[in-house]
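Let me begin by presenting the structure, written as structure tokens, before commenting on it.
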Amino acid sequence: MAEEVKLFGVWGSPFSRRVEIALKIKGVEYEYIEEDLANKSPLLLKYNPVHKKVPVLVHNGKPIAESVVIIEYIDETWKHNPILPQDPYERALTRFWAKFIDEKCLPALWNSTWSKGKDREAAIEEASQHLNTLENELKDKKFFGGEEIGLVDIVASFVGFWFGALQEVSGLELLTEEKVPKLCKWSYEVVNQSVIKENLPSRDKLIAYFSARFADASK
Amino acid sequence: MEEVKLHGFWASPFSHKVIWALKLKGVEYEYIEEDITNKSELLLKYNPVYKKIPILVHGGKPIAESTVILEYIEETWPQNPLLPTDAYQKAIARFWIQFGAYEPYFRKFFHASGEEQEKAAKEIFGMLKILEEQGLGDKKFFGGDSINLVDIAHGWLPLWFGSIEEAVGVKVMESTTLPRLHAWIQNFMEVDVIKENLPDREKVLVHVKKVREKFVANHSN
């Protein structure tokens, strides 16, 4: 049966890049459609009427939204090179950490860059705590997934890559070797994994984008 | 057979979601009531990241976060499946499980008043409208003829969100404007496992009112 896989994404979005990484791990051929979020295509609105966001995966005409939901679907549909572990308890831990990163870490890291005054102070404090939590969870593992990257590493690529760029722009020093040495080592390892390296946006382009936004926000 | 324990709190909707799933699967478990105002050593040991209930402990291994626990229960005890087996249908179910979860407008609705609360009420209504029209559609339950994890995920609405509506004096879930949701609520509350595993509504209302008073007292200047 001919498989038709399409991915609607945005170049700078960590969420759509996650899905690309998952598809590349599985060696799945797909058509990528770059969306302009200021001018969303009729197809995107048709495939994700509820949230109107990227990423959206369309497999043989059937759309799925929400990055982790999409990745779980990819893992269950193409079973080689597993992204989640097989054991139910290990799967539960994987899901727990992916959720922690998305619901707690990402907002705190994002807000520590963009919010102001007391909100920013609180976000910085929270972000530091969460980075320490991740540092402790990593322990002696090469990756969160063990010897190979897994769902948690893919989701945490925001921390490893995007936040590195954000830090450079904002001047914050949260993800440093002094404060979180294991996490820094991990982010170096993870970003240099070929499947991830080849599927990340250009760091220069991302820094240029964030710098412009940061300049605007400071006015 | 490995021991199953559930650390919960009598008034928590999240605890109850786990109870419903365990009961639907016929899994024997020991329930441990936690005092969340005075957290036990065990709770802090089992959930150091969030320090919250519910926590499921299976053969001594703890799992936290209700949605994570529910997926674990589904994978460990496959009898009476609570998720579709088809990968695409499962993805759709997971989408609706997440929908509306952890939205800031619920907190705002509970804590705020006046214009801010009105705005939150409108956002909640908008979310519930999408849930009933696109999530539920013409089905009796999100799971079809019987309840599944999606029904369980939204199972806090009848009693708990209903109590919040009563406590703040603002009603969002009207049968006239959310007819399908209203029908779902009636059907859901009639399911035996649900009916037999609910806290006392009056007690929950008292609890919810106390929580709100405490918040308002701490935040007024």
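The values are calculated or read from the model by the stated rules, or taken from the named source; none is laboratory data. None of the values given here were measured: they were computed from a predicted structure. Heads up, the Cβs are rebuilt from the backbone with ideal geometry, glycines too, and the neighbour counts pull from every protein chain shown. What goes into the accessible areas is simple: the full protein's heavy atoms, side chains included, and nothing from ligands, DNA or RNA. Shrake-Rupley method; radii C 1.70, N 1.55, O 1.52, S 1.80 Å.
Quick notes
- Value of [θ]222 nm, deg cm²/dmol, for the protein assembly as shown, DSSP H segments ≥ 4, -39500 (n - 2.57) each, nearest 500: -16000 deg cm²/dmol
- Heavy-atom accessible area per residue - the range B:106-189, 1.4 Å, Å²: 45 Å²
- Placing dummy labels 7 Å off each Cα toward the beta-carbon, the span from A:SER218 to A:HIS51 is 3.2 nm.
- For the chain pair B and A, the buried solvent-accessible surface (1.4 Å probe, both sides summed) amounts to about 2400 Å².
- In the range A:35-150, inverting the average of 1/r over every pair of distinct C-alpha atoms gives 16.8 Å as the Kirkwood radius.
- Figure legend: label point modelled 7 angstrom from the Cα of B:SER220 along Cα→Cβ; residues of the range B:101-128 with amide N under 15 Å from it are B:111-114.
- Å² per residue, accessible surface of the range B:1-70 at 1.4 Å: 46 Å²
- Tail fraction, Cα-Cα pairs, the range B:66-221, threshold 25 Å, whole percent: 35 percent
- Per residue value of the accessible surface for the range A:5-77 (all protein chains in place, 1.4 Å probe), Å²: 39 Å²
- Note on chain A: with a GNM built from Cα contacts shorter than 10 Å, the maximum mean-square fluctuation among A:VAL190, A:VAL58, A:VAL159 falls on A:VAL58.
- Vicinal HN-Hα couplings computed from phi for the range B:108-123 (Karplus, 6.51 cos²θ - 1.76 cosθ + 1.60; Hz; Gly/Pro x): 4, 4, 6, 8, 8, 8, x, 4, 4, 5, 4, 5, 4, 4, 5, 5
- In a fully extended conformation the segment linking B:ASN187 and B:LYS122 would gain 20.9 nm over its present Cα-Cα distance, using 0.36 nm per residue.
- The amide H of B:ILE32, built 1.01 Å from its N in the peptide plane, has B:LEU6, B:HIS7, B:GLY8 as neighbours under 5 Å, considering only residues 5 or more places off or on other chains.
- ³J(HN,Hα) computed for each position of the range A:87-93 - Karplus, 6.51 cos²θ - 1.76 cosθ + 1.60, integer Hz, glycine/proline x: 5, x, 5, 4, 5, 4, 5
- The order of A:ARG18, B:ARG180 by accessible area, most exposed first and with a 1.4 Å probe, is B:ARG180, A:ARG18.
- Over 23 Å between alpha carbons, listed pairs A:LYS185/B:LYS61; A:LYS24/A:LYS79; A:LYS99/B:LYS122; A:LYS26/B:LYS90: A:LYS185/B:LYS61; A:LYS99/B:LYS122
- Under-5 Å amide H pairs with A:VAL56, H placed in peptide plane, nonlocal only: A:PHE8
- Split the accessible area of chain A by element, probe 1.4 Å, and carbon with sulfur accounts for 51%.
- The accessible surface of chain B, taken with every protein chain in place and a 1.4 Å probe, is 51 percent carbon and sulfur.
- Reachable aspartates and glutamates, given that their alpha-carbon falls under 18 Å from the alpha-carbon of B:LYS129 and they are not under 8 places away in the same chain: B:GLU103, B:GLU118, B:ASP138, B:ASP151, B:GLU165, B:GLU174
- Multiplying each eigenvalue of the alpha-carbon gyration tensor of the protein assembly as shown by 5 and taking the square root yields semi-axes of 34, 26, 25 Å, largest first, rounded to whole angstroms.
- Computed from backbone phi, the HN-Hα couplings of the range B:38-49 come to 8, 5, 6, 4, 5, 4, 5, 6, 6, 9, x, 6 Hz, rounded to whole numbers (Karplus: 6.51 cos²θ - 1.76 cosθ + 1.60, θ = phi - 60°; Gly and Pro given as x).
- Percent antiparallel among DSSP beta bridges (both partners in chain A, rounded to 5): 70 percent
- In the range B:39-70, the residues whose accessible area drops by at least 10 square angstrom when the other protein chains are added to the isolated chain are B:VAL49, B:TYR50, B:LYS61, B:PRO62, B:ILE63, B:ALA64, B:GLU65, B:THR67, B:VAL68; the probe is 1.4 Å and only protein heavy atoms count.
- Label-point separation in nm, B:LYS140 to B:LEU44, each point 7 Å along Cα→Cβ: 4.8 nm
- Under the criterion of Cα pairs below 8 Å and six or more residues apart, the relative contact order for the range B:83-210 equals 23 percent.
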